[in-house]
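K.L.:
Pasting in a structure now, in structure tokens, and then I'll have a few things to ask.
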Amino acid sequence: MSLPPARPADPIRWHLLLAAVFAVLCAVRLTIPSEPFFDEVHYLPAARALLDMSQALNLEHPPLGKQAIALGMLLFGDTPLGWRSVPFACGVLALFAACRAMWFASQSRAASLLTGVFLITGFPLLVQARIAMLDAVMLGFVMLALWMCAGAVREHETARWRLAIAGAALGAAMAAKWNAIPLAMLPGLAFLVARAWQARARFLTSNRGWPIGGMTLWEAGIWLGLLPLAVYALSYWPFLLFAYVPGEPSGLIELHRQMLDLQMQVLAPHPYQSQWWQWATNARAIWYLYEVADGAQRGVVLLGNPLSSLAMLPALLWCLSAGLKDGRRDCLALAVLYAVSFGMWIVAPKPVQFYYHYILPHCFGMAALALATERLWQRGERLVPAVLVGGSAALFVWFYPILTAAPLESDQDFLRYAWLEGWR
């Protein structure tokens, strides 16, 4: 009798090591600049108002991201460390959770490690983990939810507690930033479609088949539908205690109408606004900082790694093909996640958009690049994988000073990094 193939050993220690390396890289000059920069000027006053319950500020965004920033300030004081500590922690969580999600989805040690490497060297995750904005908080919860969902599909005996965590994380992600809403719908929809396809008329009560044997659709609906909505709603508890809420909405529905109006308002053109096609081609950067700060000329730029951010586009096409033709669910899932998170911005009526709106699609693209790179290696290709990994790492080292507010030699040093007109 032949024995079943041995299951690859879980590379969790390597994932922890990658997360630790990422944490160290993020922590360098985390408190510089010592004054608020870029959109911190909007979120820090909102967090301070939350701590003293004086009034609700920055109403165009849901509250949890600002609550996260306020938590850091409560723990470490109204200081640069306090402002940025929780986004930093959420960024590290996003990196670790992405590696874990890839492991459970693909059962590939190499792909899970490459996911971490490409995310570390890809630029946007590092930059957003070092600033008191909402994006890293949202991203940490999204990746946690995907990790738990992938683990539930792989290990059915753990599905209930994993989906409970996933549902809470999806609700928290939506409560941090609305960008997560389309993604939060996908796990429940995927369960519905898969179960309806297999069970037909009995899809509501059947507990057999993919994605999770032993779980009915109605139970999955509790974890992936009702629980996220409950967590999202609970994040608005401070509005019961604020001394003043602008507009004085009569309830949660009226408050959301007001928030939506603020999101859709026509703003004056911004020098760093961009369009979706500029994100995909990495043609437009944002300078979060470029001035004399803490005794030196410093800069922080948000853009994608010039190599991996373009290489991920053919990788995504390969993932789509492998998912449809070869039945690779891990590849298809990444193609769908990218398409949904990116496509939202193509059709969104929001008048002013920025490159940081691309962070979710960018992360899924890095994971797709990891799968494609592994596939090239399996086919015997050596040069292209080496160039992708080595080249991305080398470019990360070159750009690292301008990603982390290192002292620069002069106010013209940006020319060493602004290779394209759209990067200036």
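K.L.:
Of the accessible area of region 178-254, with the probe set at 1.4 angstrom, what percent is carbon plus sulfur? Could you put the intermediate results ahead of the total?
P.N.:
Working: 3270 of 4510 Å².
Carbon with sulfur: 73 percent of the solvent-accessible area.
K.L.:
In whole Å, what are the extents of region 98-188 along the principal axes defined by its C-alpha atoms, from largest to smallest?
P.N.:
39, 32, 18
K.L.:
Then there's this: Taking H as built 1.01 Å from N, whose amide H comes closer than 5 Å to the amide H of Gly299, not counting residues under 5 places away?
P.N.:
Ala405, Ala406
K.L.:
Quick one: 3J(HN,Hα) in Hz for region 19-28, Karplus 6.51/-1.76/1.60 with θ = phi - 60°, rounded, Gly and Pro as x.
P.N.:
5, 5, 4, 4, 4, 5, 4, 6, 6, 4
K.L.:
Let me ask another. What order do you get for 167-175, 23-31, 248-256, 105-113 when each peptide is scored by the mean count of other beta carbon atoms within 10 Å, highest first? If you can, show how the numbers build up before the last one.
P.N.:
Details: 167-175: 27.1, 23-31: 16.6, 248-256: 11.8, 105-113: 21.0.
Put in order of decreasing packing, that is 167-175, 105-113, 23-31, 248-256.
K.L.:
Additional query: Can you tell me, using C-alpha contacts under 8 Å and at least 6 residues apart, the relative contact order of region 151-289 as a whole percent? List each step's numbers first, then the result.
P.N.:
Working: 109 pairs, mean separation 29.9, N = 139.
It comes to 21 percent, rounded to a whole number.
K.L.:
Now for a different question. Taking the highest mean first, how do the peptides 58-71, 76-89 order by number of other beta carbon atoms within 10 angstrom per residue?
P.N.:
Details: 58-71: 22.7, 76-89: 19.9.
Ranking the peptides 58-71, 76-89 by packing returns 58-71, 76-89.
K.L.:
In debye, nearest 20, what is the charge dipole magnitude of region 1-73 about its Cα centre with +1 on Lys and Arg Cβ and -1 on Asp and Glu Cβ, if you could check? Numbers along the way, then the final one.
P.N.:
Values: 5 positive and 6 negative charges, 75 e Å.
Taking the Cα centre of region 1-73 as origin, the dipole is about 360 debye.
K.L.:
Also, I was wondering about something else. Please give the per residue accessible area of region 148-191, computed with a probe of 1.4 Å over protein heavy atoms only, in Å². Present the calculation step by step, with values, prior to reporting the outcome.
P.N.:
Details: 1480 Å² over 44 residues.
Heavy-atom SASA per residue in region 148-191 reads 34 Å².
K.L.:
Counting only other residues whose beta carbon sits under 11 Å from that of Phe354, what net charge do I get with K and R as +1, D and E as -1? If you can, show how the numbers build up before the last one.
P.N.:
On the way: positive: Arg284, Lys350; negative: Asp39, Asp135.
Summing Lys/Arg as +1 and Asp/Glu as -1 gives 0.
K.L.:
No other cysteine beta carbon under 4.7 Å away is the test; run it over the chain and list who passes.
P.N.:
Cys26, Cys90, Cys99, Cys149, Cys363 - these cysteines have no disulfide-compatible partner (Cβ-Cβ under 4.7 Å) in the chain.
K.L.:
Say the dipole of region 97-230 comes from +1 at the beta carbon of Lys and Arg and -1 at that of Asp and Glu; which of His156, Ala230, Ala180 then lies farthest toward its positive end?
P.N.:
Going by the Cα projections, it comes out as His156.
K.L.:
List the residues, sorted by chain then number, that are 5 or more residues from Gln55 or on another chain and whose placed amide H is less than 5 Å from its amide H.
P.N.:
Here the answer is Ala243, Tyr244, since their amide H atoms fall under 5 Å of that of Gln55.
K.L.:
Could you tell me the center-to-center distance, by alpha carbons, between region 220-273 and region 300-363 in angstrom?
P.N.:
26
K.L.:
Another one. Would you mind working out the magnitude of the charge dipole of the chain relative to its Cα centre, with +1 at each Lys and Arg C-beta and -1 at each Asp and Glu C-beta, to the nearest 20 Debye? Display every interim value, and only then the final one.
P.N.:
Details: 29 positive and 24 negative charges, 336 e Å.
Dipole of the chain, to the nearest 20 debye: 1620 debye.
K.L.:
I need to check one value: relative contact order of region 94-167, counting alpha carbon pairs closer than 8 Å and at least 6 residues apart, in percent. It would help to have the intermediate numbers written out before the result.
P.N.:
Working: 82 pairs, mean separation 27.1, N = 74.
Taking the mean separation of contacting Cα pairs over the length of region 94-167, I get 37 percent.
K.L.:
Another question, if that's okay. Based solely on its DSSP helices, what 222 nm [θ] is calculated for the chain when runs of n ≥ 4 H residues each add -39,500 (n - 2.57) and the sum is averaged over all residues, nearest 500 deg cm²/dmol?
P.N.:
Working: 17 runs with 252 residues, N = 424.
Rounded to the nearest 500, it is -19500 deg cm²/dmol.
K.L.:
If amide hydrogens are placed 1.01 Å from N in the peptide plane, which non-local residues have theirs closer than 5 Å to the one on Arg328?
P.N.:
Excluding prolines and chain starts, which carry no amide H, the hits are Gly323.
K.L.:
Hey, another quick one. Using alpha-carbon pairs under 8 Å, 6+ residues apart, how would you state the relative contact order of the chain in percent? Don't jump to the answer; show the numbers that get you there.
P.N.:
Details: 708 pairs, mean separation 78.5, N = 424.
It comes to 19 percent, rounded to a whole number.
K.L.:
Given a 1.4 angstrom probe, what's the average accessible area per residue across region 1-92, in square angstrom? Walk me through the numbers on the way to the answer.
P.N.:
On the way: 4520 Å² over 92 residues.
On a per-residue basis, 49 Å².
K.L.:
Which order do the peptides 334-345, 361-372 come out in when sorted by mean C-beta neighbours inside 10 angstrom, highest first? Don't skip to the end; give the middle numbers.
P.N.:
Working: 334-345: 20.2, 361-372: 28.6.
The packing order, highest mean first, is 361-372, 334-345.
K.L.:
Can you give me the Cα centroid spacing of region 16-38 and region 132-197 in angstrom?
P.N.:
26
K.L.:
Something else about it: Which whole-Hz couplings ³J(HN,Hα) result when phi for each residue of region 410-424 is put into the Karplus expression 6.51 cos²θ - 1.76 cosθ + 1.60, θ = phi - 60°, listed in order with x for Gly and Pro?
P.N.:
7, 6, 9, 5, 4, 5, 6, 10, 7, 6, 10, 4, x, 8, 9
K.L.:
Any idea how far apart Leu324 and Gln55 come out in nm if each label point goes 7 Å out from Cα toward Cβ?
P.N.:
5.3
K.L.:
Now, a different point. Could you run the Karplus curve 6.51 cos²θ - 1.76 cosθ + 1.60 with θ = phi - 60° over region 151-168 and give me ³J(HN,Hα) per residue in whole Hz, x for Gly and Pro?
P.N.:
x, 5, 5, 7, 10, 4, 5, 9, 4, 5, 5, 5, 5, 5, 5, 4, x, 5
K.L.:
To make sure I understand the rule: partners must be lysines, Cα under 17 Å from the Cα of Lys177, and not fewer than 8 residues away in the same chain. Which ones qualify?
P.N.:
Lys66, Lys350
The values are calculated or read from the model by the stated rules, or taken from the named source; none is laboratory data. Since the structure is predicted, the reported quantities are computational estimates derived from the model, not experimental observations. Neighbour counts run over all protein chains shown; Cβ positions are idealised from the backbone, glycine included. Heavy atoms of the whole protein, side chains included, go into the accessibility calculation; ligands, DNA and RNA do not. Shrake-Rupley method; radii C 1.70, N 1.55, O 1.52, S 1.80 Å.
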